[in-house]
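S.K.: After the structure tokens below, expect a handful of questions from me.
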Amino acid sequence: MTIFTATVPLPVSAAEAYAWHERPGAFARLCPPGGGVRVLVGTGALREDERLELSVPWGPLHLRWTARHRDVRPGEQFSDEQERGPFTRWLHTHRFRATGAHSCDLEDRIDYQLPWGAMGRWLAGGMIERRLNRLFAHRQRRTVSDLVRHQAERDRGRWRIAISGSCGLIGSALTAFLGSGGHQVHAVVRGGMQGRGQGQAISWDPLSGRLDTQALAGCTAMIHLAGCPLTQARWRPAFKELIRSSRIDATRRLCVALASMPEPPRVLLCASAIGWYGDRGDQLVDESAAAGSGFLSDVCAAWEQATEPARRAGIRVVNLRFGTVLSGDGGALAALLTPFRLGLAGRLGSGRQWLSWIAIDDAIGAIHRLLFTEDIHGAVNIVSPAPCTNAAFTAILARVLRRPAVLPLPAPLVRLLLGEMGQALLLDGVRVRPAVLERLGFRFGAGTLDQALAQELP
């Protein structure tokens with residue numbers, strides 16, 4: 001039998017650390033990025049004999065892994081024991097040991113045994129140990145970061161928060177994060193669809209504007225992230241109209257519905273994008289810059305203007321101008337991994353265009369901070385303070401993946417393959433500064449691209 005242990009000090013009491021682990025969303029927060037772990041059966045509730053069945057990637061395969069909670073002692077410990085899975089034995093014990101009134105140590109101890117005895121240890125022992133080290137480095141970093149962020153706003157109480165786009169890249173991570181902090185999250189979804197919220201779903205029809213305001217009543221905040229993905233199809237006129245309507249028209253209808261409520265949410269955080277600024281070359285811009293020109297700039301300007309009905313109704317509105325969000329679970333970074341790992345990637349065009357990015361955990365941390373900062377309204381850039389050129393991004397990603405990146409994609413070929421979308425999303429660029437977040441003293445967990453990629457590609 002092999003024993004693996006990992007211990008981390010936490011800035012909260014043992015009771016609060018345990019409570020964080022039993023809240024909705026905690027399991028998702030602890031899963032490794034890009035791991036593809038899916039819950040098939042169970043909720044993960046910390047109850048004796050509670051069963052959880054997972055689909056776990058194992059190379060090109062997905063294995064079913066069934067475990068039960070054992071020896072559950074609230075505020076002290078719980079264990080996960082494998083009933084069915086790839087190991088001959090697997091017992092993972094989580095222990096919370098108080099080190100002070102507001103601090104504790106979390107010890108993860110895994111007693112495991114590989115199949116096939118000495119042969120199994122020889123074939124896979126080193127690989128399993130490396131995976132466990134990477135996994136628990138991720139879990140410890142994220143646990144500490146999440147607890148620190150929640151503790152900073154603990155005096156605000158627990159909110160009821162409605163989120164549209166809860167199944168998207170940002171929405172799913174945000175839902176898990178807020179749920180693990182004790183907030184009740186309601187997914188705002190089209191009829192018949194399911195979202196990622198933990199509370200009752202709220203029905204919304206973005207085409208007609210019908211919103212179940214009765215279900216929304218009592219929600220403290222609305223976070224609007226829904227919109228048609230820009231890369232879903234080539235930018236022909238019909239699809240460009242879908243991009244506009246799914247952002248501008250849907251947002252306007254939502255804001256009109258919110259404004260009609262007797263007691264609307266006190267804050268609306270609405271997605272936008274740094275496409276607002278257009279292609280600015282090497283110019284450094286912040287939230288004070290005027291809108292640029294081009295399709296995306298026009299969409300973003302009208303998108304932000306569509307929140308005006310909510311503003312006039314006295315709702316505090318924050319327009320979240322997202323840069324490229326880096327996550328191993330999806331989005332631009334995940335799409336790049338296969339060609340980079342195959343050595344079939346390189347800079348795009350000249351490589352001089354700027355990429356303003358942000359790590360997924362910093363994006364949701366910024367949203368969380370803005371929820372509770374009552375004097376902030378209007379545009380806020382959700383980007384890292386360290387933008388880079390496409391050439392620099394390509395070189396750093398290749399270094400992190402330990403692969404060559406020597407096959408550039410010429411600009412004419414990008415335009416031929418992807419048309420206007422390729423020009424706007426890949427060849428144009430903007431160098432953006434998060435001036436509002438910097439004034440707030442927001443602490444970025446990934447201040448450099450190397451840090452962000454190391455976190456998202458463990």
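S.K.: Collect residues whose amide H, placed 1.01 Å from N in the peptide plane, falls under 5 Å from the amide H of Val317; neighbours closer than 5 in sequence don't count.
M.R.: Leu268, Gly378
S.K.: Note down the nm distance, to one decimal, between modelled labels 7 Å out along Cα→Cβ at Arg236 and at Asp450.
M.R.: 4.7
S.K.: Given an 8 Å cut-off on Cα distances and at least 6 residues of separation, report the relative contact order of region 2-152 as a percent.
M.R.: Answer for region 2-152 is 27 percent.
S.K.: Set Lys and Arg Cβ to +1 and Asp and Glu Cβ to -1, take the dipole of the chain about its Cα centre, and tell me which of Leu211, Ala345, Leu10 lies farthest positive.
M.R.: Towards the positive end, the residue furthest out is Ala345.
S.K.: Once phi is turned into θ = phi - 60°, what whole-Hz ³J(HN,Hα) does the Karplus curve with 6.51, -1.76 and 1.60 give for every residue of region 60-71, x standing for Gly and Pro?
M.R.: My calculation for region 60-71 gives x, 9, 10, 9, 8, 10, 10, 9, 10, 6, 10, 6 Hz in order.
S.K.: Something else about it: How high is the relative contact order of the chain, in percent, counting Cα pairs under 8 Å that sit 6 or more residues apart?
M.R.: 13
S.K.: Placing unit charges on C-beta atoms (Lys and Arg positive, Asp and Glu negative, everything else neutral), compute the dipole magnitude of the chain about its Cα centre in debye, rounded to 20.
M.R.: With only Lys, Arg, Asp and Glu charged at Cβ, the dipole is about 720 debye.
S.K.: Sticking with this structure for a sec: Could you state the number of Å between the C-alpha centres of region 108-150 and region 309-330?
M.R.: Distance between centres, Cα-based: 36 Å.
S.K.: Using the Karplus equation 6.51 cos²θ - 1.76 cosθ + 1.60 (θ = phi - 60°), what ³J(HN,Hα) coupling, rounded to whole Hz, does each residue of region 14-29 give in order, writing x for Gly and Pro?
M.R.: These are the phi-based 3J(HN,Hα) values: 4, 5, 5, 4, 5, 4, 4, 5, 8, 7, x, x, 5, 4, 5, 5 Hz.
S.K.: For region 1-159, state the average projected area of the convex hull of the C-alpha atoms over all orientations, rounded to one decimal in nm².
M.R.: Here the figure is 9.8 nm², rounded to one decimal.
S.K.: Just the number: Rg to Rh for region 290-370, Cα atoms, Kirkwood Rh, two decimals.
M.R.: In region 290-370, Rg relative to Rh is 1.07.
S.K.: Within region 440-458, name every residue whose backbone N is under 18 Å away from a label modeled 7 Å from Cα of Asp286 along the Cβ vector.
M.R.: From region 440-458, the list is 440-444.
S.K.: Using a Förster distance of 51 angstrom, determine the FRET efficiency expected from the C-beta separation of Ala335 and Ala152, and round it to 0.05.
M.R.: About 0.95, to the nearest 0.05.
S.K.: Now a separate question. Mind sorting Tyr18, Tyr112, Tyr277 by how few other Cβ atoms lie within 10 Å of their own Cβ, fewest first?
M.R.: Exposure proxy ranking, most exposed first: Tyr112, Tyr18, Tyr277.
S.K.: Additional query: Taking 2.2 N^0.38 Å as the expected size of a compact globular protein, what ratio does the Cα radius of gyration of region 117-168 give against it, to two decimals?
M.R.: Dividing the Cα Rg of region 117-168 by 2.2 N^0.38 Å gives 1.95.
S.K.: Hey, what do the phi angles of region 318-323 turn into as Karplus ³J(HN,Hα) couplings, whole Hz, using 6.51/-1.76/1.60 and θ = phi - 60°, x for Gly and Pro?
M.R.: Each residue's phi maps through the Karplus curve to give 10, 9, 8, 8, 6, x Hz.
S.K.: Taking just the alpha carbons, could you work out the radius of gyration and Dmax for region 301-458, both in angstroms?
M.R.: 17.3, 54
S.K.: If you count, for each residue, the other Cβ atoms within 10 Å and average over each peptide, how do 294-302, 182-190 line up from highest to lowest?
M.R.: With the highest mean Cβ count within 10 Å placed first, the list reads 182-190, 294-302.
S.K.: May I ask you to sort Met261, Met127 by Cβ crowding, counting other Cβ atoms within 10 Å and putting the fewest first?
M.R.: Final ranking by Cβ density, sparse to dense: Met127, Met261.
S.K.: Can you say what percent of the DSSP beta bridges in the chain, counting only those with both residues inside, are antiparallel? Round to 5.
M.R.: For the chain, the DSSP antiparallel bridge percentage is about 60.
S.K.: Restricting everything to alpha-carbon atoms, can you work out Rg to Rh for region 239-308 with a Kirkwood hydrodynamic radius?
M.R.: Here the Rg-to-Rh quotient is 1.05.
S.K.: Could you pull out every residue, at least 5 positions away or on a different chain, whose amide H is within less than 5 Å of the one on Arg431? Hs are placed 1.01 Å off N in the peptide plane, and Pro or chain starts have none.
M.R.: Arg280, Val285
S.K.: Determine the equivalent ellipsoid of region 1-94 by diagonalising the alpha-carbon gyration tensor, then write out the semi-axes as square roots of 5 times the eigenvalues, largest first, rounded to whole Å.
M.R.: 22, 15, 14
S.K.: Let me ask something else about it. Please report Arg84, Arg89, Arg247 as a ranked list, fewest other C-beta atoms within 10 angstrom at the top and most at the bottom.
M.R.: Ascending number of Cβ neighbours within 10 Å: Arg84, Arg89, Arg247.
S.K.: What are the residues whose amide H is under 5 Å from the amide H of Thr389, where those residues sit 5 or more places off or on another chain and H is modelled from the backbone?
M.R.: For Thr389, the qualifying residues are Leu355.
S.K.: Can you divide the C-alpha Rg of the chain by 2.2 N^0.38 Å and report the result to two decimal places?
M.R.: Relative to the 2.2 N^0.38 Å estimate, the chain comes out at 1.02.
Each reported figure results from applying straightforward, stated rules to the coordinates on display, with no laboratory input. No experiment lies behind these values; they were computed from the predicted model shown. Every residue, glycine as well, gets a Cβ built from its backbone with ideal geometry; the counts of neighbours run over all protein chains shown.
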